[in-house]
There are 2 protein chains.
Amino acid sequence: MAKEEKKDKQEEKRNRKAELKALREKLMTQQQKIRDKGLPVIVLVEGWATAGKGNLINQIISELDPRFYNVTTHRIDPEAKSRYPFLYQYFRHIPENGKIMIYDSGWMEDCVQKLMGREITKDEYKNRIRSVNEFERQLRDGGYLILKLFLDIDEEEQEKRIRDIRENIETEWRVEDNDLWQHREYKLFRETYETFMEKTGKQLPWHVLDGKKKNAAACEALKLLTDMIDKALDKGRYVGKPFEEKFPLLKMPKLADVDLSMELTDEEYREQLKPLQKRLAKLHNVIYRKKIPVILCYEGWDAAGKGGNIRRVARPLDPRGFDVMPIASPEPHELARQYLWRFWTRLPRTGHICIFDRTWYGRVMVERIEGFCSEDDWKRAYNEINEFERQLTEWGAVVLKFWIHIDQDTQLARFNDRQSNPEKQWKLTEEDWRNREKWPVYEEAIDEMLQKTSTKNAPWVIIESNDKKYARIKALTIVIDALEKAIEARL
Amino acid sequence: MAKEEKKDKQEEKRNRKAELKALREKLMTQQQKIRDKGLPVIVLVEGWATAGKGNLINQIISELDPRFYNVTTHRIDPEAKSRYPFLYQYFRHIPENGKIMIYDSGWMEDCVQKLMGREITKDEYKNRIRSVNEFERQLRDGGYLILKLFLDIDEEEQEKRIRDIRENIETEWRVEDNDLWQHREYKLFRETYETFMEKTGKQLPWHVLDGKKKNAAACEALKLLTDMIDKALDKGRYVGKPFEEKFPLLKMPKLADVDLSMELTDEEYREQLKPLQKRLAKLHNVIYRKKIPVILCYEGWDAAGKGGNIRRVARPLDPRGFDVMPIASPEPHELARQYLWRFWTRLPRTGHICIFDRTWYGRVMVERIEGFCSEDDWKRAYNEINEFERQLTEWGAVVLKFWIHIDQDTQLARFNDRQSNPEKQWKLTEEDWRNREKWPVYEEAIDEMLQKTSTKNAPWVIIESNDKKYARIKALTIVIDALEKAIEARL
């Protein structure tokens, strides 16, 4: 190399270092503002094995206060069959407001490896791509900043790096079977990465960085990140606009038109209850063996009889295979994350049944009515919830949603009964009375919810509960029916 | 059978059923009071394979409101090497106040199987027995009700049941290899169960139930449970008295006697920092491969320089292998459980490093001084914390605790600097000033803490931080030293 040229190179290197330093300092000052504004930031670092993802992450975080960021690693084990929907592990780790979460590879690698290893079909892969787009959009619309990086190296470079690492006894263990597999199939992997980026890059772009130029790649990553943060600090937290995707919806009646006169005599009830519970117990065994996850959602008016209904369904179940999740108002660490997070983290494992006593539908009922979220937020939620539930059913879950329904007179009678009965008084609160006064606005919200979120795979079922006995038998019958169908479909 | 005798049998059966029903109803009414008083209840159901644990649990819970209890199953896979201390999975599942948690087998089966399978040595088994006693006592002293049941059947009965289950094609899959192993080694298992119960039955008794008599066993279990709850409802929540076990303690100086004059020049600091960080980075790799868990605890005065110190230690670490856990005041779901729960659930996996930015020592500092717990509570905590940390080091963890120390003048200078610097103002709160006024009471509490909880395996190290540079180099040096020793010990 000519002397002149060498000097230029050195100059360039020095400049690069100075640039890196300046960018890191910028990020460091931004971190405080991110915290103050409660902005959550996601950095997804994908790329080839040996491309230098670890190093890149180190360059990004080296000046950050460790209290404000986290790194989560997602090693994909092609053999491990997960017990949760595939997005579970990524949703679980979304940062809370004011923090940065760096994913050391994530949903891209997960999808590509599973497809390449033929662990999922092409159709399942398509569904995953759609789910990824939904996942990213939901977070973006919920105010998350998302930066997606892909660290690229060519085949030759990868070969050289793998050789170097394996030749050194201290680092040899770092090369894993998956890395070698990826290298053997380099061309196919490249093709798959590229189509993945094409299909998930429209709403949130991918940034491909050159893994051969360490410092330049780090500079670019830091520049993208700090620019993104600057914009967000300037404009304020983003709130996504509502939009409607066409889901195949079931036609639901208006609540006002529901006939609530059905009832059972004590004798009819006693005759039917035990045999149904026995059948359900048997089905639970099959569900467990076939690893079918089941999600039962209970919503309903205060004093409609949710608790008693849940109890009748839960009693025959093997307690080792089900959970009841009572959903109260969110705690601070839950409020600090996208609203579906506290439900994602409560999903049952395959083969298990989870009964949600109140659900994510709080978003379009109490949160809408009490103004706990913005209008855009709850209007967007219908679609987001449909997506969420589709992801669950595509995972293989049975999803049923019960609206436990009574009329106003029945509610009043039950409130009065509770008030005069010392054993039941704890069940009645001031809030129940306040909510009762808002019956018409609730009814409007519920009607809209039923119209917009009753899908074929995750239907709403109205359970007429003026007569609790009738309601319990109906709920049991419908659960049994759904489980039988799911088992049949798996044969 | 004579007619008379048959009649008696039937009569007895009817009585038993009536008794069961009455006991269940009693438990049902108690459940509301448990909730009101915020009592947490643990029922541990251990026993032989095929003894009927599932059935017993079903009998206990069948009338309960599923919102107020939970069942957690702990299948022990003798092959699975856990990445957490063995009590982790049990501590993780302790109920919150007002709820009942039923353990479908638990720490007893875990200990016995591991010993029988020679996965742990006799010494490790002894340590586990001690840990179990500590675990149960800590929960009891924290106000938990604990009922321990062992469902017993003899060898002949077990043989018969295993045969019956295996002969039925529908239930065949339920018999697992472990069950067959247990049956083959019935006598040895019996012996081990018995000594386990002997060694863990002194402070909280075991109740052995006859698995051959299903309903009688259920009655007895329900009777024990309802009596225990009655007593607790009557006497109010139990608070354990403090006591002192002799731990081998290191002699610590009083804070007032600590020489804070040490300092480093900028040059000395620069010269030493990078090489130390490089060494730490290398050690982190070894730690990771050798699966040694590392727990670094930071406590210190406000403005002592904790954050900057943590940052210097964290920077060289591979972000995939460490976490910083900032500990703020507990959230409601954390307050609703024993105070160590939120730390148990944050432990690092083997091979990972966790840096706690504030720790469980809040119990004997802020909680003591602000009256957030009773005097008995914080006085008991010294011993409980020593036990907790011993459990961690016996698991193989490196545990280091830093007290980042400054004097009052230095604190004042830094507070003033923060106040006058807009970039740093967020670091200073009203509470910091209030805490500063309480310096003498804090100093007394800290001195006591240092005297009582600096053990050989989990020592306190005072980091003199009037000069932050000196403090950072000292912390790094000590971490490196401890890691090197741990690695050497594993060779």
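Counting Lys and Arg as +1 and Asp and Glu as -1 over every other residue whose Cβ lies under 15 Å from the Cβ of A:Pro459, the net charge comes to +4.
Restriction of the GluC sites (Glu not before Pro) in the range B:227-329 to DSSP coil positions whose beta-carbon has at most 15 other beta-carbons within 10 angstrom yields B:Glu244, B:Glu245, B:Glu263. Inter-chain Cβ neighbour count for B:67-74, averaged per residue, equals 4 (cutoff 10 Å, partner chain atoms only). Working from Cα pairs under 8 Å separated by at least six residues, relative contact order for the range B:134-263 is 40 percent. By the beta-carbon count within 10 Å of each Cβ, the least crowded to most crowded order of B:Arg390, A:Arg83, A:Arg184, fewest first, is A:Arg184, A:Arg83, B:Arg390. Given +1 at the Cβ of Lys and Arg, -1 at the Cβ of Asp and Glu and no other charges, the dipole of chain A around its Cα centre is 760 debye to the nearest 20. Shortest first, A:Glu245 label-point distances to identical copies amount to 5.5 nm, with the label point at 7 Å from Cα along Cα→Cβ. Annotation: amide H of A:Met325 within the under-5 Å range of A:Ile355, A:Phe356, A:Asp357, sequence separation 5 or more or interchain, hydrogens built in the peptide plane.
The relative contact order of the range B:13-235 comes to 33 percent, based on Cα pairs under 8 Å that sit 6 or more residues apart. Of the beta bridges in chain B, as assigned by DSSP with both residues counted there, near 0 percent are antiparallel. Only the Cβ atoms of Lys and Arg (+1) and of Asp and Glu (-1) were treated as charged; on that basis the dipole of the protein assembly as shown about its Cα centre amounts to roughly 960 debye.
What the pair-distance distribution of chain A shows, using all Cα-Cα distances binned every 20 Å from zero, is 20, 47, 25, 7, 1, 0 percent.
Using C-alpha pairs below 8 Å separated by at least 6 residues, the relative contact order for the range B:255-490 is 34 percent.
Chain A residue nearest the rotation axis toward B, with distance: A:Glu331, 3 (Cβ to axis, whole Å).
Phi angles of the range A:264-279 translate, via the Karplus equation with coefficients 6.51, -1.76, 1.60 and θ = phi - 60°, into HN-Hα couplings of 10, 6, 3, 5, 4, 4, 4, 5, 8, 4, 4, x, 5, 5, 5, 5 Hz per residue; Gly and Pro are given as x. 3J(HN,Hα) along the range B:475-483, derived from phi through the Karplus expression 6.51 cos²θ - 1.76 cosθ + 1.60 where θ = phi - 60°, amounts to 4, 4, 4, 5, 4, 4, 4, 5, 5 Hz, with x in place of Gly and Pro.
Taking amide H positions as modeled 1.01 Å from N, with prolines and chain starts lacking one, the residues under 5 Å from A:His207 and 5 or more places away or on another chain are A:Lys148, A:Leu149, A:Phe150. Mean silhouette area of the range B:299-437, derived from the convex hull of its C-alpha atoms and averaged over all directions, reads 9.9 nm². Counts of other chain beta carbons within 10 angstrom of each beta carbon in peptide B:315-324 average 6. Among the trypsin sites (Lys or Arg not before Pro) found in the range A:93-126, those both in a DSSP coil and sparsely packed, with 14 or fewer other Cβ atoms within 10 Å of their Cβ, are A:Arg118.
Per-residue shielding of A:26-34, expressed as the average number of other chain Cβ atoms within 10 Å of the residue Cβ, stands at 1.
Measuring between alpha carbons in the structure, the pairs from B:Lys122/B:Lys456; A:Lys26/A:Lys114; A:Lys122/A:Lys254; A:Lys13/B:Lys474; A:Lys148/B:Lys306 lying more than 30 angstrom apart are A:Lys26/A:Lys114; A:Lys122/A:Lys254; A:Lys13/B:Lys474; A:Lys148/B:Lys306. Distances from A:Lys6 to itself in the other copies, using label points 7 Å out along the Cα-Cβ axis, amount to 11.1 nm in increasing order. Along the positive direction of the dipole of chain B (beta-carbon charges: Lys, Arg +1; Asp, Glu -1; about the Cα centre), which of B:Pro85, B:Gly54, B:Leu139 reaches farthest? Highest projection toward the positive end goes to B:Gly54.
Across the range A:396-404, computed HN-Hα scalar couplings (Karplus, 6.51 cos²θ - 1.76 cosθ + 1.60, θ = phi - 60°) run x, 7, 8, 10, 10, 10, 9, 9, 7 Hz from first to last residue, x flagging Gly and Pro. Close amide H partners of A:Phe402, meaning residues 5 or more places away or on another chain with modelled amide H under 5 Å apart, are A:Cys297, A:Tyr298, A:Glu299, A:Val461. The convex hull drawn around the Cα atoms of the protein assembly as shown, when projected onto a plane and averaged over every direction, covers 45.6 nm².
Taking label positions 7 Å along the Cα-Cβ direction at both B:Lys126 and A:Lys202, the computed distance is 6.9 nm, reported to one decimal. Computed log10 I(q)/I(0) for the range A:255-490 at 0.13, 0.14, 0.17 Å⁻¹: -0.83, -0.97, -1.41, from the Debye equation with unit scatterers placed on every C-alpha and solvent omitted.
A short reminder: the numbers here are calculations on the coordinates, not readings from a lab. Note that this is a predicted model, so its numbers are computed, not measured. No Cβ is skipped: glycine too gets one built from the backbone with ideal geometry, and neighbour counts run over all protein chains shown.
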